[in-house]
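The values are calculated or read from the model by the stated rules, or taken from the named source; none is laboratory data. Predicted model, so just to flag it, every value in this text is computed and none were measured. Reconstructed Cβ throughout: ideal geometry from the backbone, glycine too, with neighbour counts over all protein chains shown.
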Amino acid sequence: MHQLILAAGFLGLSEFQWTTLLKLALASICGGLIGIERKMKGRPAGLRTFSLVCVGAALAMITNEYIFMNFAHGTGDATRMAAQVISGIGFLGAGTIMVTSHNHIKGLTTAATLWVTAAIGIAIGAGFYFGGIISVLAVFTSSTLYWMIDRRIMANSRFMNLYVETVTEECMLVLVDYFDNNGIRILNVTRKDENKWYKSDTCAVIELDFGKRRVHKPVLEDIRKMDRIRYLEEI
């Protein structure tokens, strides 16, 4: 690192200017890597969003350092801007959280990852490169590993939520009979009128309780085999 800073002197850059370039480039790369993982899963915030968040957080810390050393002369609170970044990133995270037409909440993980990305940017901006890079690896590992575990747990859980569209009301009653005959308890049924394939369809979000852990796939396959099921999705 020291050799690179010395080499930058030949380009006419000061040590602070070179360090600034290094921090912002590293922040852009780290944020972008996390963004790629989110984009591959089809989430609303992707590579550019995460890269910008991380660069912005790093820039806030660099600016804070510049003010602290050149105007405050080493006095005051050197972490004030970092605190503002951590609290202020909430508005961006909130924008990724949404409730779908099926009463399903999406975007919580993306919002949390944005918040972590801002913290990574602060670490890099403060010169804590090891912490920033290790955090990127931790985000990648935990996001992928826990996503796989979560899918496995949800596919074999006691409870299941379904969004169903049927051609007729009678088909919905047949579905209710199927649950009753297989010992599946209906916890709640919410009628849905928006985003239907056809206006005449009967649509509902159904919350089910199997009574114990059970594999969901066979139940879904049985329902799809029923006549006049227009659309079925586990949510």
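Do we have residue 95 as modelled with pLDDT of 80 or more and of a type outside the set (Val, Ile, Thr) here? Considered against the rule, which asks whether it is modelled with pLDDT of 80 or more and of a type outside the set (Val, Ile, Thr), residue 95 comes out as no.
One line per residue, one yes/no per condition, for (1) on the phi < 0 side of the Ramachandran plot; (2) in a helix (DSSP H, G or I); (3) modelled with pLDDT of 90 or more:
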residue	(1), (2), (3)
199	yes, no, no
208	yes, no, yes
219	yes, yes, yes
233	yes, no, no
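If the condition is being in contact with a Lys or Arg (Cβ under 7 Å, 6 or more places away or on another chain) and over 14 Å from residue 34 (Cα atoms), then the stretch 103-124 contributes only 124.
Quick one: in the stretch 184-221, which of the residues that are of a type in the set (Gly, Ala, Ser) and farther than 25 Å from residue 152 by Cβ is surrounded by the most Cβ atoms within 10 Å (Cβ to Cβ)?
Per the criteria, the residue is 204.
When you scan the stretch 156-169, do you find a residue that is out of contact with any strand residue (DSSP E or B) (no Cβ under 6 Å at 6 or more places or on another chain), among the acidic types (Asp, Glu) and either modelled with pLDDT under 85 or surrounded by fewer than 18 Cβ atoms within 10 Å (Cβ to Cβ) (or both), even just one? No, every residue in the stretch 156-169 fails to be out of contact with any strand residue (DSSP E or B) (no Cβ under 6 Å at 6 or more places or on another chain), among the acidic types (Asp, Glu) and either modelled with pLDDT under 85 or surrounded by fewer than 18 Cβ atoms within 10 Å (Cβ to Cβ) (or both).
Listed here are the residues, each with its yes/no results for (1) closer than 30 Å to residue 62 by Cβ; (2) assigned to a loop (DSSP other than H, G, I, E, B); (3) not assigned by TED's automatic domain parsing to the domain that holds residue 204.
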residue: 132; (1), (2), (3): yes, no, yes
residue: 137; (1), (2), (3): yes, no, yes
residue: 140; (1), (2), (3): yes, no, yes
residue: 143; (1), (2), (3): yes, no, yes
residue: 147; (1), (2), (3): no, no, yes
residue: 163; (1), (2), (3): no, no, no
residue: 173; (1), (2), (3): no, no, no
residue: 183; (1), (2), (3): no, yes, no
residue: 187; (1), (2), (3): no, no, no
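The set of residues from the stretch 134-154 being touching a helix residue (DSSP H, G or I) at 6+ places or on another chain (Cβ under 7 Å) and either β-branched (Val, Ile, Thr) or at pLDDT below 85 (or both) comprises 136, 139, 140, 143.
From the residues in the stretch 128-153 that are β-branched (Val, Ile, Thr) and free of Cβ contacts under 8 Å to residues at least 40 places away in the same chain, which one is nearest to residue 118 (Cα to Cα)?
Checked the stretch 128-153; the qualifying residue nearest to residue 118 (Cα to Cα) is 134.
Is the stretch 106-129 home to any residue that is modelled with pLDDT under 80, outside any helix (DSSP H, G or I) and out of contact with any strand residue (DSSP E or B) (no Cβ under 8 Å at 6 or more places or on another chain)? Scanning the stretch 106-129, I find no residue that is modelled with pLDDT under 80, outside any helix (DSSP H, G or I) and out of contact with any strand residue (DSSP E or B) (no Cβ under 8 Å at 6 or more places or on another chain), so the answer is no.
Against the list (1) modelled with pLDDT of 75 or more; (2) more than 20 Å from residue 144 (Cβ to Cβ), the condition residue 51 fails is (2).
The residues of the stretch 221-231 that are among the basic types (Lys, Arg) and assigned to a loop (DSSP other than H, G, I, E, B), listed by number, are 225, 228. Looking only at residues in the stretch 125-155 that are more than 20 Å from residue 37 (Cα to Cα) and of a type in the set (A, V, I, L, M), the one that is surrounded by the fewest Cβ atoms within 10 Å (Cβ to Cβ) is 153.
If only residues of the stretch 28-48 that are touching a helix residue (DSSP H, G or I) at 6+ places or on another chain (Cβ under 9 Å), in a helix (DSSP H, G or I) and of a type in the set (A, V, I, L, M, F, W, C) are counted, the one that is modelled with the lowest pLDDT is 47.
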